[in-house]
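The values are calculated or read from the model by the stated rules, or taken from the named source; none is laboratory data. Since the model is a prediction, treat every value here as computed from it, not as a measurement. Neighbour counts are summed over all protein chains in view; Cβ atoms, including those assigned to glycine, are modelled from backbone coordinates with ideal geometry. In case anyone asks, the SASA skips ligands and DNA or RNA and just uses the protein heavy atoms, side chains included. Shrake-Rupley method; radii C 1.70, N 1.55, O 1.52, S 1.80 Å.
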Amino acid sequence: MTTRAEIRLAFCVVLAILVTASGQAVTGIATTPSATTTATPTATTIAATTATTPSANSTTLSPSDPRAQTGIGACTPSQDAYFTDENGRYRQDGFRPGGCWQLPLSENISRLREVEYEGYDGWYNNVAHPELGGADSALIRILPPAYSDGSYHPSGQDRPNPFKISEAVFRGETGFQSSNSKTALLVFFGQQVVEEILDAQAPGCPPEYFNIPVPVDHPHLNPNNFSSFEMPLLRSRYDMRTGFSPNNPRQQLNEITPYMDGGLTYGVTKAWADSLREFEGGRLARDTSESINVPVRNTIRLPMANPPPPRDHPQLKNVNRFWRLGNPRGDENPFLLTFGVLWFRWHNYLAHQFQARHVDEPEWTDERIFNEARKWVIATHQHVVMYEWLPSWLGPENSLDPYTGYHAELDPGISAVFQSAAMRFGHTLVPPGVYRRNSNCEFRVTTMKTGTQDASGHKGLRTCNTFWNPQESIRENDIDELLLGMASQVTEREDNIITPDLRGFVFGGLEFNRRDLMAVNIQRGRDHGLTDYMSARRHFNLPAWDNFEDYFNATYLDDNGVEVPRFPLFHAGPQRNLSEALELRQRVEDVFDGRTDQMDIWPGGMLETRETGPGELFTYIIRDQFKRIRDGDRFWYENYRLNGQFTEEEVDVIRNITLRDIIMSVTQIPDELIGGLQADPFRYNTASDPCAASYPGQMQESGLAACTSLQQFDFFSGSEISYALTFLAVGLFGVGCVMMLVFLAKRKERRVAEQRKMVQASLRKKKSDDSLIPCTEWQGHREGERTVQVRLGPGKVITILNERGKTQRTIDMSRVQSVMLLVAADQHQKMVAIKIAREYDQILKLPNVAMRTDFIGRLESFLGETGIGRERREMKQEQIFKMAFTKLDRQLQLEKFFRVAFAQVKTTRSPEAKAKLLFDMYDISQDGHMSREEFRNMLRSFMELANEKLANAEIDQVIDSMFKSSGLTEKQAITFDDFQKLLSGHQDVLNYATLNFEGAGVDMPKAAGREGARDNATTRARKTIIRAYSKEGRSKSTAAPSASSQLKVETQKQKFEKNRVQNRINAFVRFVENHRMHIFWFSLYTLVTIGVFAERAYYYSVEREHAGLRRIAGYGVTITRGAASGMMFTYSCLLVTMSRNTITFFRETFLHRFIPFDSAIAMHKYIAFWALLFTVFHVIGHAINFYHISTQTANDLTCLFRNFFHATHELPKFHYWCWGTITGFSGVLVTLVVILIYTFAIQYSRRHVFKWFWATHNLYVVMYILMFIHGAGRLVQNGFFFYFFLGPGILFTLDRLVSISRKKIEIAVIKAEILPSDVTALTFKRPQNFEYRSGQWVRIACVTQGRNEYHPFTLTSSPHEEHLTLHIRAVGPWTINLRSTYDPNVIREHSYPKLYLDGPYGEGHQDWYKFEVAVLVGGGIGVTPFASILKDLVSRSSVSTNFACKKVYFLWVTRTQKQFEWMTDIIQDVENNDTRGLVSTHIFITQFYQKFDLRTTMLYVCESHFQKISGRSLFTGLKSITHFGRPQFASFLNSLQDEHPEVAKIGVFSCGPPLMTSSVDNACAELNTQDGAAFLHHFENF
């Protein structure tokens, strides 16, 4: 409370300063804290007493004076607002001469005195306890609560169904008049009394449904006899601080003040009151567009109650149709609205009087006049209610005792039993309709919607059909006819019978537009925890009974000592005949199952009803309530001596004012003698009623329009299409992204192909040799096409070259007799095939028909000149393809031949037999001699089968070496004996060489029974390179290893466990040992992520179990909120993994021993997986939640989503929540962005459309902005994404600033080389302070290709080098363009375009030096990291740097060494500088044909001879050993344990295609299941 007071004090001070500064007089400004938020409850402001007589300097007003034009109806139709005296002059007092009230005379009419005006919200009325009576205070308990759990669960869980009680207790024939002539005016005035002191109708928020099952046979609310049908009912709003224990049970709230302080007219806040004012003359604003005097329309959309009118279901109407009133529910029906208009006019009536009396007194400002008029309205209302209405309501004998003064110890708060039961007594008096009559005693005939005098209409306005359509009848004939009609109509009899308009046809929501108010009353009492009826009587010391017999027959002694029934309704009398009384007894006893403790207070209290009014229980409760309201109100008008509100004379005036006086002052109703209003509007006296003759009699249901029936509403209607289309569009967007990805990839392939063609065309143009014919070679259906050039000649040779002029095939035509030309004759007239005996076909496609014609002409001329015959055939292109004998076909044919020819290899063991087989195969003349040319052709055929080409000089060099070593230098032809000499020293190789056909049925021979038998050379090479060629057998210069010097290391064989379970255990243990840091951090992150999800899930499942959205959507909210937190956490963590500079920095610190920084990318992907998973959960969950939300009532949604305003006449559909809210719209956008990012983040996208991957990944900025916006919408809760984002966001921002600072520096390119294999080598300046390690990578952008498009490449330079070097292979548009950009033919005399550099960034390869033994495995372009590492290694060793690494094995796996010629140069430099033998390099050429180990062995023989004579490889020109085929990584790594038994950990670093790195990883994993060294694998894929 202190905080609230301090806020008010501060606001008051500011307001006082503003008022003083503007020169306004403080006089007359109310000082009540809630009215003007003044400082203290005792502060007062000087205000003048109400002027009651004309001042000395007042003037007479003319009828044309604006101050006389009040717009208020006079007492007679001929008079205006100001009334004339007996001389016809206007009197300034504004009252009729000799009227109903006289103002007291006072000599001090201009004297000022201090007055504290009453506030609006009830606070500080009680100075000692400022909160007592405040708006939004809890209902008090004068009965102990009876919640079923003692805290908040509704009471009466075992009591009967409220509908059954309603049917048993309140059903009966209506149309009987009140026993003491109570009028309908009394009843509806009572409703406005309730609206003045009580408003507890608002449902709780979040909504809690306490539905009532509707019986199958209910006549009105279950016409279809559904077995499971409920009438919805929301539990009342309550103090959220209560309901946690029996010591603190739930307490419902009264949203207005219990004081009679004008809330009905002015509202309960100053802001609301100001919205009603005209701010001129102290008046309330009048609607000048209306023909009658009514408040201004609610164009400012005050939050007035606006349920759907049940008569017009399912139509919703705009709240701006209502008139502005202080009571938000004042428009419920026309009868209640009548009193709202009445008090509005009464205020303006008084305001006009005060303005007219003090027109020349400046201190009487608008504010003072308003507050004075309000003070008088409140006082007169207090008087009418307490001393005029209440005695009529309870009976004169139950009137309150005379006022004795203010009692600060009293709590004026409304009691729960008063609200839920006692004050609802008036429901029995409500008539089914209301008459309307005019001053001519004419009772109007009424239709359902209007009050027209249609003869076919009905006698009155039907109560059930007027709900929330109150203005129709008032607009037609003003409030006069309604007031006269209500005053002339006797209400329903005082009994237990309730009109069907309330007991089945009271208004409800759209989903259930008719309700049984009696069932609602009973259920509401249980909702509020009311005890049973008998317990309530006992609590108030009233008699109670344990059985119905005693209860029905209970009696008491009246004032005359006569024993009379205590409950007349159970006995024959004026209210019942005997049969009706007995029937009622039976129904009551049956419905409560014979148990009096099952009776709710509401039906029990109603069964006490007497002729005079409510029974003893309700009377006690009502009297107690009104007494506390009166005696606990410091501003009560009779407490004038204490509060100074009025003088004694003014109080006397107030006491003489009646409701009739007020009505007569503000309406056109004439005196009662001529059809006007009776003296007591609350009682109808037929004898004195001048209109008695035309009185239609007691209102009967049969004379009224029928109530519209129950109708329901599907709130999801109207959302079906938007719901389906939205999620369909999101799904199609995902499919569209995939299709777009595929389209872009295919388009890129086409563009690359076109670009290559353009390059080839440009190259062809540059060729000066006219003998080259550019065309495309078709190699086969699977192999596709390649660009070639054809040279005819010189001599009888046709040469096929690639686009760079390197020979691909040479066709020797010297022994060819004839050639067949197949020419395509269909629409594809570009194809020509050359068929030559004993050769595979050469199929060429020319660019166009003209070039093909030219080519055929040149070819025929060539053949003619060389004397070769030719045959030409024309056919369709498809036929050419079918007839084609391709290189692959030839290889397959040779395979078949070798299968047959070498079949004896399986049975022939001797090396001599195998050598003889080879000799006979290539002894074409079969004369026992093989010429050098035939020997050369044999080797060349092996090379051709291996897809390898060697220059003739190189082959000749090998042959000369072999012949020389065997002493055959002078021979031009050799015998089989000579052939054996050539193979001397390799018999053991031939001994185990065989044909290794996969699936061909030819098996590898096994040396069974031979302990320690050696493998053949190929197998040895594949198992272990170390064993195949020993380092001991090689000279330090150029000496090649000999067969006799191969390393022979006897090692203990590893024992493999036969038990698979044990193997798996070993594998798991070793995996944990090798990846313990990764496992720890991945597990820790997983647990934290699950914890983040679980925390929100638990909160919404348990702590918010009864929250509205949780109740609506169930555990869907649990999933979505948990997933939302998971998304916020994971998406924020992604920024950490993207902080490359930070990761690179920390990996150089001691932290690298505890955190595997090299796994940042793997962690990025892992976190992204969780983020995607949570996103999917969130989206699917919201698809379900949005459906549930779209099926809820508008009021429930207003409660659940308080930050999203929608008008009361609008039903927010799915498209509103999804597309019309910040949260929904941003959620859709962020979902689309996530789909786009993830679609283009897959491996396929990175491989084929990297530019799109990079562009879409840079949408992360948009994604994070949308996530902030998504949370800022506060649809469910306040956004807290920034809690997760703040730390990572700052870190990432700083990291990016570092990158930006580097990227803004232009770096000059020193050298650019266009290397073979589409590789571009760039050498550029090393920026100052640019420190890096071998194996690291950078990102570059070229100024000519976009300053912001960066691509990553591994540095091939070493840290000790002065400049930086990159080797970039042209595989995509950017790299192709880069190659063209730095092409010397393009640059010419211009300088090289500059680069932007970002980096360096670290990865696992840079840790090679930390292992004693390191294995580097590069595949294809994946060798680039190792180029830098190898150079760094040699550099370190040359300067005797101490580092852990003692031996490095470099394995280069490539299709052909010609693919990356630049790498051979680097390896050669390493070999030349590696004086300590640190590096052992082995090259695996996978393009060699692998199926025939016999022929492959021959290649090894050739390689061995070449190594002997040159000290380098025949195929690579390096000292490094060349192997043909793919390495067996497991065998190789296993041998390392034998070679280095003292090493505990071996580092394995691989970079290349996923298939290769996966093979290395599997090999490491397999060996880690055994005892021995641990293999720690670090890999990167491209």
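So the values come out like this:
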quantity: At R0 = 35 Å, FRET efficiency that the Cβ-Cβ distance of residue 287 and residue 1187 yields, to 0.05; calculated: 0.25
quantity: Portion, in percent, of the accessible area of region 392-534 that falls on carbon or sulfur, probe 1.4 Å; calculated: 51 percent
quantity: Full-stretch length increase - residue 931, residue 579 - with 0.36 nm per residue and alpha-carbon distance subtracted; calculated: 112.8 nm
quantity: In nm, spacing of pseudo-spin labels at residue 397 and residue 1574 (7 Å Cα→C-beta vector); calculated: 10.0 nm
quantity: Value of relative contact order over region 151-234, rounded to a whole percent, pairs C-alpha under 8 Å and six or more apart; calculated: 26 percent
quantity: Gyration tensor (alpha-carbon) shape descriptor, region 383-472, a/c threshold 1.5; calculated: prolate
quantity: Length gained when the stretch residue 472-residue 744 is fully extended (0.36 nm per residue, less Cα-Cα span); calculated: 91.3 nm
quantity: Contour excess over end-to-end distance, with Cα ends at residue 1084 and residue 1146 and 0.36 nm allotted per residue; calculated: 20.4 nm
quantity: Pair residue 818, residue 872: separation of 7 Å Cα→Cβ label points (nm); calculated: 1.6 nm
quantity: Accessible solvent surface per residue of region 186-329, calculated while the other protein chains remain in place, 1.4 angstrom probe, Å²; calculated: 37 Å²
quantity: Amide H contacts under 5 Å for residue 170, placed H, 5+ residues apart; calculated: none
quantity: From phi via Karplus (6.51, -1.76, 1.60), per-residue ³J(HN,Hα) for region 1410-1425 in Hz, x at Gly/Pro; calculated: 7, 10, 5, 10, 10, 10, 10, 10, x, x, x, 5, x, 7, 4, x
quantity: Net charge contributed by nearby residues that have their C-beta within less than 12 Å of residue 1082 (K/R +1, D/E -1); calculated: +2
quantity: Placed amide H near residue 607: partners under 5 Å, 5+ positions off or other chain; calculated: none
quantity: Net charge over other residues, Cβ less than 9 angstrom from the Cβ of residue 617 (K, R count +1; D, E count -1); calculated: -1
quantity: Whole-Hz couplings from phi, Karplus 6.51/-1.76/1.60, listed for region 271-287; x for Gly and Pro; calculated: 4, 4, 4, 5, 5, 8, 8, 8, 6, 8, x, x, 8, 7, 5, 10, 7
quantity: Solvent-accessible area per residue, Å², over region 1514-1582 with all protein chains present [probe radius 1.4 Å]; calculated: 35 Å²
quantity: Cα gyration tensor shape for region 524-606, rounded if a/c is under 1.5, else prolate or oblate; calculated: oblate
quantity: Residue 752-residue 1300 FRET efficiency (beta carbon distance; Förster radius 35 Å; 0.05 resolution); calculated: 0.65
quantity: Values of log10 I(q)/I(0), in the order q = 0.12, 0.20 Å⁻¹, for region 173-238 under a Debye, Cα-only, solvent-free model; calculated: -0.63, -0.89
quantity: Cβ-Cβ FRET estimate between residue 597 and residue 559, R0 fixed at 22 Å, reported to 0.05; calculated: 0.10
quantity: Heavy-atom accessible surface of region 165-319: percent carbon and sulfur, 1.4 Å; calculated: 51 percent
quantity: Shape category assigned to region 563-703 from the gyration tensor of Cα positions, a/c cut at 1.5; calculated: oblate
quantity: Residues with amide H under 5 Å from that of residue 137, placed H, sequence gap 5 or more; calculated: 254
quantity: Charge sum, other residues only, whose C-beta stays under 12 Å from residue 1191's C-beta, Lys/Arg counted +1 and Asp/Glu -1; calculated: -3
quantity: Estimated inter-spin distance, residue 1291 and residue 360, nm [label 7 Å along Cα→Cβ]; calculated: 8.3 nm
quantity: Set 746/1394; 887/916; 1447/1519; 746/845; 757/1394 screened for pairs whose C-alpha atoms are more than 20 Å apart; calculated: 746/1394; 887/916; 746/845; 757/1394
